[in-house]
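The values are calculated or read from the model by the stated rules, or taken from the named source; none is laboratory data. Everything numeric here is computed off the predicted structure, so don't read it as measured data. We place every Cβ from the backbone using ideal geometry, glycine too, and count neighbours over all the protein chains shown.
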Amino acid sequence: MAVLPVYVEPHPALRKIAKTVVGGVTAKLQELMDDMLETMQYHKGVGIAITQVFDDSQIVELPPRIFLLQIPESLGGDNKPMYFVNPVITTSGKLVPYEEGCLSVPAVSVGEKVPQGEKGIAKGVVMRPEKVSVSYLDYDGNPQVMEAENCLLAVALQHEMKHLDGGLFIDLLSDTERARVMKEHREYIKNSNPADLKMYVLADQQEKVEPVSSLAKSGNPAP
């Protein structure tokens, strides 16, 4: 397993549309999902989508439609990794507000000095349907259906699905919220030490940095 570099807004890789996996879940895809899980846990996230980490020089015919979730008990989940391959989502119910953030939009509060090795994520309020149903293949390629209503799981499912279609949560913010979030994000990138950005791929980088083997890491430091 390895920690993969994460693309940062406004990198064009985040706007790619993931492709349907043909031929089922292979060992190669499982290896990729293992790396995605390691990456998500490294960044202390609850979800990650393929478009945030995928290096198309490694598997030319993809990116595949894959995302992962792992919601801790403190946030209403069971802390078990959930793998979604070829997910198809249906939403219903009224629109409700949720405060969201994203690993690809790291930030700290505007005006704060960025401490060595510390970061957060810029958050904004998004309106999303309260009910979702998702059909997908799991880690072993078995068909599954998951339903959620008015909870973090419902939000996260919609958030990650948008990634697969080349979108981010910032696309759904009001103009005022989006301007604030992006200001915080730009301030973080501008003020950070290079070491704090080592596991990100910025918009002006043409090549991804090398993944970090999980065996080479000590603990779970913030990048």
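Brief remarks on what is shown
- Selection status of Ile50, surrounded by fewer than 18 Cβ atoms within 10 Å (Cβ to Cβ) and among the β-branched types (Val, Ile, Thr): no
- Residues that are in contact with a Phe, Trp or Tyr (Cβ under 8 Å, 6 or more places away or on another chain), more than 22 Å from Pro63 (Cβ to Cβ) and part of a helix (DSSP H, G or I) do occur in region 154-171, at least one of them.
- Pair list, Cβ under 6 Å, 6 or more apart: region 76-89 residue of a type in the set (Val, Ile, Thr), other residue part of a loop (DSSP other than H, G, I, E, B): Val85/Val21; Val85/Val25
- Asp34 fulfils the conditions (1) crowded, with 16+ Cβ neighbours inside 10 Å; (2) at pLDDT 95 or above; (3) in a strand (DSSP E or B) except for a single criterion, (3).
- Test: Asp78 is acidic (Asp, Glu), surrounded by 14 or more Cβ atoms within 10 Å (Cβ to Cβ) and over 18 Å from Lys162 (Cβ atoms): no
- Among residues of region 153-184, those that are surrounded by 19 or more Cβ atoms within 10 Å (Cβ to Cβ) and touching a Gly at 6+ places or on another chain (Cβ under 6 Å), counted: 4
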